[in-house]
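One structure below.
None of the figures in this text is laboratory data; all of them are computed from the coordinates on show. Computed from a prediction, not measured in an experiment: that's the story for all the values here. Positions of Cβ are backbone-derived with ideal geometry, glycine not excepted, and every protein chain shown enters the neighbour counts.
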Amino acid sequence: MTNLVSKWNYPTTVLFGGGRVAELPAALKTTGISNPLFVTDPGLAKLPVVASTLKILDDADVPYGVFSDVKPNPVESNLAAGIDVFRQGKHDGVIAFGGGSALDLGKLIAFQAGQTRPLWDFEDIGDWWTRADASKIVPIVAVPTTAGTGSEVGRAGVITHEASHTKKVIFHPKMLPGIVIADPELTTGMPAFITAGTGMDALAHCLEAYCAPGYHPMADGIAVEGMRLVFENLPKAFANGNDLVARAHMMSAAAMGATAFQKGLGAIHSLSHPIGALYDTHHGMTNAVFMPYVLAFNRAAIEDRIARVARYVGIEGGFDGFGKAILKLREELGVPHTLPGLVKGLDMDDERKQLIADMAVVDPTAGGNPVELTKSAALTILQNAIDGRL
Ligand code: NAD
């Protein structure tokens with residue numbers, strides 16, 4: 001237990017602190033949920049962290065159903081199965097419990113179960129979200145067990161469109177959970193690889209949001225402090241999974257990244273999305289591989305901004321010092337330096353590289369890159385990440 005305990009009302013209600021998962025029954029009551037569907041993933045479902053959370057519901061006599069058929073990088077068939085269980089159980093809300101995959105799927109079940117139009121009509125394009133019947137979206141309580149995606153404070157869910165192997169973002173303001181229970185004690189069981197990958201995801205969100213063009217000083221401020229928290233705490237959480245102070249700061253950094261990226265993301269995500277969809281790699285780890293190549297590529301547009309954040313974080317040497325600090329952090333966390341290091345046996349022919357570049361330039365995050373992400377730019381960054389050329 002630490003003294004890092006708080007309640008935030010921005011961007012939604014966040015009950016922050018060790019042990020606060022005990023407040024789940026009260027959170028359900030506040031959000032008007034009397035018969036929740038508890039959505040998690042199959043790995044977590046076998047762990048004591050799920051058993052002890054369900055016991056909290058049992059002890060409070062809360063009726064609930066459980067759905068855990070969620071792939072990492074969830075797909076449409078996971079959503080269809082979850083919606084069936086939701087309808088059969090006559091549930092009136094969702095507890096989204098897990099990493100980004102379970103959180104996103106739980107949020108998507110709450111969103112889509114009452115809609116009549118197909119899911120893809122609600123992709124995050126223009127005002128497509130207004131097509132949804134908002135009155136049919138049920139409330140969500142989100143309980144993150146990783147510290148990276150920040151999906152718990154986000155208004156979107158990411159899901160893979162299997163036919164096109166594309167990760168799509170489904171957006172609706174009412175997909176924002178009504179209450180988040182951010183209990184860092186739930187993250188202590190994360191394997192080191194997931195601690196590293198999710199932590200680097202939080203860093204990628206803060207970094208790309210901060211570098212995205214556009215006037216959004218609030219997002220910039222949140223992103224800068226988020227980066228400081230990651231640099232100072234991710235190595236500690238990685239080295240000692242039971243360091244609750246480091247775990248708590250990483251949980252904050254994750255929520256801060258997702259809050260900041262309302263401003264925009266960039267080429268790290270534009271390239272990482274097709275790689276994740278085609279090779280089923282871990283999202284945060286894939287971002288971590290691309291990070292230094294994208295940073296170097298964007299240099300001319302972000303050199304001064306990066307020098308400023310480097311000073312704040314306490315990194316010497318301006319842009320170059322910041323780049324070196326990222327390389328050092330990656331090395332400390334065992335992040336592969338190249339794409340073939342991440343995807344074993346990777347052998348990309350030219351056609352595959354063209355496909356990835358085509359997918360990257362139309363990814364919704366591409367518009368936030370501080371240098372225009374043309375197809376040739378995407379191909380250059382991809383090749384650099386394959387060859388390890390900075
Ligand atoms: P994840 O949810 O896929 O989980 C990875 C693995 O970690 C799973 O096997 C899970 O069982 C395990 N795990 C999770 N918590 C654990 C714990 N406390 N102890 C032990 N094991 C644990 O990983 P993630 O990185 O959190 O989420 C990735 C997904 O989130 C991707 O699909 C990505 O596209 C999506 N995403 C969404 C947003 C958003 O804004 N909605 C942002 C970024 C990423």
| said: Only four residue types carry charge here, +1 at the Cβ of Lys and Arg and -1 at the Cβ of Asp and Glu. Report the dipole size of the range 191-387 about the Cα centre in Debye, rounded to the nearest 20. | reply: 420
| said: Which one, LEU373, MET251, PHE86, projects farthest toward the positive side of the charge dipole computed for the chain from Cβ point charges (K/R +1, D/E -1)? | reply: MET251
| remark: Between ASN35 and residues 5 or more places away or on another chain, the pairs with built amide H atoms under 5 Å apart involve ASP92, GLY93
| In percent, how large is the relative contact order of the range 191-387, given Cα pairs closer than 8 Å and 6 or more residues apart? | 27
| request: Please get the size of the charge dipole for the chain, origin at its Cα centre, with Cβ charges of +1 on Lys and Arg and -1 on Asp and Glu, quoted in debye to the nearest 20. | output: 460
| query | To the nearest 20 debye, what charge dipole does the range 152-278 have about its Cα centre, counting +1 at the Cβ of each Lys and Arg and -1 at the Cβ of each Asp and Glu? | reply | 300
| At 0.692 mPa s and 37 °C, Stokes D of the range 305-390 from Kirkwood alpha-carbon radius, µm² per second | 222
| task | Can you tell me the alpha carbon radius of gyration of the range 23-62 divided by the globular rule-of-thumb value 2.2 N^0.38 Å? | result | 1.19
| query | At a Förster radius of 41 Å, what calculated FRET efficiency corresponds to the Cβ-Cβ distance of VAL362 and LYS29, to the nearest 0.05? | reply | 0.40
| query | So what is the calculated 222 nm ellipticity per residue for the chain, using -39500 (n - 2.57) for each DSSP H run with n of 4 or more, over all residues, to the nearest 500 deg cm²/dmol? | reply | -16000 deg cm²/dmol
| query | Could you give the alpha-carbon Rg of the range 82-124 over 2.2 N^0.38 Å, rounded to two decimals? | reply | 1.16
| query | Nearest-5 percent of antiparallel DSSP beta bridges in the chain? | reply | 35
| remark: Taking the dipole of the chain about the Cα centre (Lys, Arg +1; Asp, Glu -1; charges at Cβ), the one of GLY106, PRO217, PRO139 that reaches farthest to the positive side is PRO217
| message | Report the Cα centroid-to-centroid distance between the range 1-22 and the range 32-71 in angstrom, as an integer. | response | 20
| task | Compute the Rg/Rh shape ratio of the range 191-387: radius of gyration over Kirkwood radius, all on alpha-carbon atoms. | result | 0.95
| said: For a quick check: with amide H placed at 1.01 Å from N, whose amide H comes under 5 Å from ILE179's, ignoring anything fewer than 5 positions away on the same chain? | reply: ILE140, ALA142
| message | Treating the range 2-186 as a set of equal point scatterers at the Cα positions, no solvent, please give the Debye-formula log₁₀ I(q)/I(0) at q = 0.08, 0.10, 0.14, 0.17 Å⁻¹. | response | -0.22, -0.34, -0.69, -1.03
| remark: Of the listed pairs LYS46/LYS236; LYS344/LYS375; LYS107/LYS167; LYS71/LYS168, those with alpha carbons more than 19 Å apart are LYS46/LYS236; LYS344/LYS375
| query | Any idea what the alpha-carbon Rg over 2.2 N^0.38 Å comes to for the chain? | reply | 0.94
| note | Here, LYS7 and GLU303, labelled 7 Å along Cα→Cβ, have an inter-label distance in nm of 5.0
| task | Pop out the Kirkwood hydrodynamic radius of the range 117-225 from its pairwise C-alpha distances, inverse of mean 1/r, in Å to one decimal. | result | 16.0
| field | Over the range 53-138 - Rg/Rh using Cα atoms and the Kirkwood inverse-distance radius | value | 0.99
| What are the radius of gyration and Dmax of the range 297-337, computed over its Cα atoms and given in Å? | 10.7, 29
| request: Rank by packing, highest mean first: peptides 287-299, 116-128, with packing defined as the count of other Cβ atoms within 10 Å averaged across residues. | output: 287-299, 116-128
| task | Would you mind getting me the FRET efficiency between ASP280 and SER135? Use the beta-carbon distance for r and R0 = 51 Å, nearest 0.05. | result | 0.90
| task | Determine the equivalent ellipsoid of the range 263-323 by diagonalising the alpha-carbon gyration tensor, then write out the semi-axes as square roots of 5 times the eigenvalues, largest first, rounded to whole Å. | result | 26, 11, 9
| request: Starting with the fewest neighbours, write out LEU333, LEU346, LEU57 ranked by other beta-carbon atoms found within 10 Å of each beta-carbon. | output: LEU346, LEU57, LEU333
